[in-house]
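This structure is in structure tokens; I'll ask about it shortly.
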Amino acid sequence: MSEDSLLLLGQVLDIRSNPFDAPPDTAAVHLSRGGLLVAGGRIVRVGDADALRADAPRARVVDHGEGLILPGFVDSHAHYPQTAIIASWGKRLIDWLQSYTFPEEMRFGDPAYAAEIAERYLDLLLAHGTTSVASFCTIHPASVSAFFTAAEARNMAVAAGRTCMDRNAPDGLRDDAQAAYDESKALLDAWHGKGRATYAITPRFSPTSTPEQLEALGALWAEHPDCPMQTHLSEQTDEVAWVRDLYPHRKDYLDTYESHGLLREGAMFGHAIWLTDSERARLREAGAALIHCPTSNTFIGSGLFDTARAMAERQTVGLATDTGGGSSFSMLHTMASAYEIGQLTGTALHPAQLLWLATAGSARAMRLQDRIGTLAPGSDADLVVLDLASTPAIAQRHAHAETIWEAVFPTIMMGDDRAIDSVYVAGQRVARGGAGSDTSHNRPVNPLIADTLGL
Ligand code: GUN
Ligand code: ZN
């Protein structure tokens with residue numbers, strides 16, 4: 001192995017197959033003194049530390065000690081333009097959109113503001129261990145360019161798209177079917193496949209699009225079938241009733257998308273809580289993804305997504321923050337919230353299942369599972385290293401853990417950005433935090449400051 005290869009040592013948790021299909025100890029391999037060999041930005045091999053050292057004697061070694069090396073977290077549904085209005089009080093979906101979201105999204109006509117928030121948002125993601133995201137932008141092309149530019153500067157694999165709306169939105173945030181098609185296509189041509197960027201065709205949701213606009217975006221998707229398509233589906237009961245009024249000839253909410261060519265593999269439906277049996281069956285048959293947004297679903301009061309049921313139906317499921325309807329940038333918080341909702345719906349999700357949803361599950365929803373979300377050789381080396389004793393409260397529980405699952409679960413339930421020891425994007429170490437470090441809490445880590453180790 002050449003000198004420019006990198007050997008990361010620590011504990012390694014490699015969840016190799018879907019832990020909803022097999023017992024977690026079968027699906028996952030835990031190496032208490034393991035490592036990852038990285039070269040050219042990709043994972044070459046995972047194994048025991050001593051064996052890897054012997055195989056790659058000239059690799060540069062970074063020893064993370066007891067740190068737990070995992071794939072970087074993948075957030076499969078977020079709105080970066082809502083960064084500055086996260087944790088806004090007291091509204092439910094439609095009111096929340098009108099009171100907080102739309103006024104803030106109006107500001108993204110200003111390219112300088114869009115760039116400032118895109119950079120702030122991606123720095124926050126990295127500080128929380130999230131290395132990939134599927135984000136909505138706003139109607140303004142500048143909001144999309146700003147986001148992809150900021151992601152490119154950090155070499156992050158992101159999906160994003162221009163959020164299209166041609167009704168039920170204020171002046172300044174509405175387009176029409178032709179503008180939605182033309183401007184989405186121009187951005188898709190400019191960004192899709194550039195570096196690590198993926199363009200996602202993005203109708204906001206059926207209440208803010210006319211059938212003509214959904215048809216135009218369905219046509220664009222047919223011309224670019226390898227792109228993902230992201231939108232919202234059946235988040236709140238009032239919203240479902242509104243869709244019924246707006247689309248009286250459609251048999252249900254899903255049909256408003258399906259009848260315009262917006263249901264097939266590669267579709268990512270945020271929330272997807274209030275579904276009929278027929279909708280569930282059609283989603284499953286199409287291979288579309290349901291994106292679970294647990295902190296948002298509790299914060300905005302939407303309802304309880306039944307993860308165990310969706311997995312038993314063999315749906316494709318991703319996990320997401322839904323920033324800023326969601327109340328956190330952290331996929332650790334998001335896993336904790338998914339666990340609590342699992343308890344309320346009758347199933348205690350195993351830590352392996354939570355971690356899998358936050359990595360491989362979301363990557364699969366984005367159809368990027370061959371690139372990100374696992375430690376499989378050949379994958380991009382997007383990694384997070386967790387400190388499993390990042391606060392006194394977590395450390396005292398961790399101290400008497402007897403299995404890796406008991407060791408990691410307190411961090412899932414109680415951890416935040418202080419638990420993020422290190423982050424690697426395509427093999428480059430970009431952020432350092434961790435317990436006791438003054439870069440850890442309330443201070444975004446600037447990922448553009450290369451690590452002093454020169455990685
Ligand atoms: N439905 C349509 N737009 C949005 C949004 O911005 N956030 C959430 N949570 N739901 C939506
Ligand atoms: Zn959303």
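The values are calculated or read from the model by the stated rules, or taken from the named source; none is laboratory data. As the structure is a computational prediction, the values presented were derived from the model and not from experiment. Note: ideal-geometry Cβ built from the backbone for every residue, glycine included; neighbour counts use all protein chains shown.
Look at residue 254 and say whether it is among the aliphatic types (A, V, I, L, M), under 26 Å from the mean Cα position of the chain (by Cα), at pLDDT 95 or above and not in a loop (DSSP other than H, G, I, E, B).
So residue 254 passes the test.
Given the residues 147, 108, 136, which is the only one that is surrounded by 24 or more Cβ atoms within 10 Å (Cβ to Cβ) and free of Cβ contacts under 8 Å to residues at least 40 places away in the same chain?
So the residue among 147, 108, 136 that is surrounded by 24 or more Cβ atoms within 10 Å (Cβ to Cβ) and free of Cβ contacts under 8 Å to residues at least 40 places away in the same chain is 108.
Another question, if that's okay. Tally up the residues in the stretch 237-272 that are crowded, with 20+ Cβ neighbours inside 10 Å, within 15 Å of ligand 1 (Cβ to nearest atom) and over 14 Å from residue 211 (Cα atoms), please.
Number of matching residues: 6.
Applying the selection to the stretch 193-225, what residues are of a type in the set (Gly, Ala, Ser) and either over 13 Å from residue 177 (Cβ atoms) or within 16 Å of ligand 1 (Cβ to nearest atom) (or both)?
193, 195, 197, 200, 206, 209, 222, listed by residue number.
Check residue 156 against each of (1) buried (at least 24 other Cβ atoms within 10 Å of the Cβ); (2) within 14 Å of ligand 1 (Cβ to nearest atom); (3) in a loop (DSSP other than H, G, I, E, B) and name the one condition it does not meet.
Every listed condition holds for residue 156 apart from (2).
Residue under question is residue 289, and the condition is that it be more than 14 Å from ligand 1 (Cβ to nearest atom), crowded, with 24+ Cβ neighbours inside 10 Å and either in contact (Cβ under 8 Å) with a residue 12 or more places away in the chain or under 14 Å from the mean Cα position of the chain (by Cα) (or both); does it hold?
Yes; evaluated as a whole, the condition is true for this residue.
May I ask you to verify whether residue 102 is within 16 Å of ligand 2 (Cβ to nearest atom) and within 24 Å of residue 423 (Cα to Cα)?
no
Could you pull out the residue among 199, 181 that is over 23 Å from residue 322 (Cβ atoms) and either aromatic (Phe, Trp, Tyr) or modelled with pLDDT under 95 (or both)?
Going through 199, 181 in turn, the sole match is 181.
Residues that are away from ligand 2 (no atom under 16 Å from the Cβ): which helices (runs of 4 or more DSSP H) entirely in the stretch 275-368 hold 2 or more of them?
Per the criteria, 277-286, 307-312, 331-344, 351-356, 362-365.
For the stretch 1-26, give me each residue that is of a type outside the set (D, E, K, R), modelled with pLDDT under 95 and within 17 Å of residue 58 (Cα to Cα).
1, 2
If I ask for residues that are more than 16 Å from ligand 2 (Cβ to nearest atom), within 28 Å of residue 332 (Cβ to Cβ) and of a type in the set (Gly, Ala, Ser), which ones from the stretch 40-81 would you list?
41, 47, 49, 65, 67, 72, listed by residue number.
Take the stretch 115-144 and flag every residue that is more than 16 Å from ligand 1 (Cβ to nearest atom), among the hydrophobic types (A, V, I, L, M, F, W, C) and out of contact with any Pro (no Cβ under 7 Å at 6 or more places or on another chain).
Result: 115, 118, 122, 125.
Something else now. Being buried (at least 21 other Cβ atoms within 10 Å of the Cβ), farther than 15 Å from residue 101 by Cα, under 23 Å from the mean Cα position of the chain (by Cα) and of a type outside the set (A, V, I, L, M) is the filter here; which residues of the stretch 160-211 pass it?
Result: 161, 162, 184, 191, 196, 198, 199, 202, 203, 206.
Considering each of 38, 61, 46, 29 in turn, give the residue that is modelled with pLDDT of 95 or more, more than 26 Å from the chain's Cα centre (by Cα) and not assigned by TED's automatic domain parsing to the domain that holds residue 317.
Among 38, 61, 46, 29, only 61 is modelled with pLDDT of 95 or more, more than 26 Å from the chain's Cα centre (by Cα) and not assigned by TED's automatic domain parsing to the domain that holds residue 317.
Let me ask something else. Does the stretch 310-363 hold any residues that are in contact with a strand residue (DSSP E or B) (Cβ under 6 Å, 6 or more places away or on another chain), surrounded by fewer than 22 Cβ atoms within 10 Å (Cβ to Cβ) and small (Gly, Ala, Ser), and which are they?
Of everything in the stretch 310-363, just one residue is in contact with a strand residue (DSSP E or B) (Cβ under 6 Å, 6 or more places away or on another chain), surrounded by fewer than 22 Cβ atoms within 10 Å (Cβ to Cβ) and small (Gly, Ala, Ser), namely 310.
Can you confirm whether residue 308 is under 23 Å from residue 349 (Cα atoms) and assigned by TED's automatic domain parsing to the domain that holds residue 132?
For residue 308, the condition - under 23 Å from residue 349 (Cα atoms) and assigned by TED's automatic domain parsing to the domain that holds residue 132 - is met.
Out of everything in the stretch 32-60 that is loosely packed, with under 15 Cβ neighbours inside 10 Å and among the hydrophobic types (A, V, I, L, M, F, W, C), what residue ends up being farthest from residue 231 (Cα to Cα)?
Restricting to residues being loosely packed, with under 15 Cβ neighbours inside 10 Å and among the hydrophobic types (A, V, I, L, M, F, W, C), the top hit is 54.
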